[in-house]
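Chemist: Take a look at this one; I'll ask things after.
The values are calculated or read from the model by the stated rules, or taken from the named source; none is laboratory data. All values derive from a computational prediction rather than experimental measurement. Heads up, the Cβs are rebuilt from the backbone with ideal geometry, glycines too, and the neighbour counts pull from every protein chain shown.
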Amino acid sequence: MAQLPGQNGTPSQYMDPKFAPNQPVFNPSQVAQEAQDPKNAAHPSHPKHHEWAKNMASRFGNAVMFGAGATFGGDVVNDVMRKF
């Protein structure tokens, strides 16, 4: 359990939600098993699979563009800072 210390080292009442006892644990094998279900949109035979795949491709593209922009911006800032 992850509790933040309170004043004078006494435990506080705050509990980090990521480490709460009733928090569900991510299970990759369960996700893979659910994707094999024909009723799941990730399954290739599902009627809305095309929409699901298009949405995933769009999200991946957005992540790539964000990463490239962040890298380029960081490089520009570092070059400017080196000149001063």
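Chemist: Considering every residue within region 52-69, establish whether at least one is modelled with pLDDT of 85 or more and of a type in the set (Val, Ile, Thr).
Modeler: Of all residues in region 52-69, those modelled with pLDDT of 85 or more come to 53-69.
Then drop every residue that is not of a type in the set (Val, Ile, Thr), which leaves 64.
Looking through region 52-69, at least one residue is modelled with pLDDT of 85 or more and of a type in the set (Val, Ile, Thr).
Chemist: Something else: Could you run through region 1-11 and say how many residues are surrounded by 10 or more Cβ atoms within 10 Å (Cβ to Cβ) and modelled with pLDDT of 75 or more?
Modeler: 0
Yes/no per residue for (1) loosely packed, with under 10 Cβ neighbours inside 10 Å; (2) not in a loop (DSSP other than H, G, I, E, B):
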residue	(1), (2)
Pro21	yes, no
Val25	yes, no
Glu34	no, yes
His43	no, no
Pro47	yes, no
Ala68	no, yes
Asp79	yes, yes
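Chemist: Can you go through Lys39, Lys54 and tell me which one is outside any loop (DSSP other than H, G, I, E, B) and free of Cβ contacts under 8 Å to residues at least 12 places away in the same chain?
Modeler: Lys54
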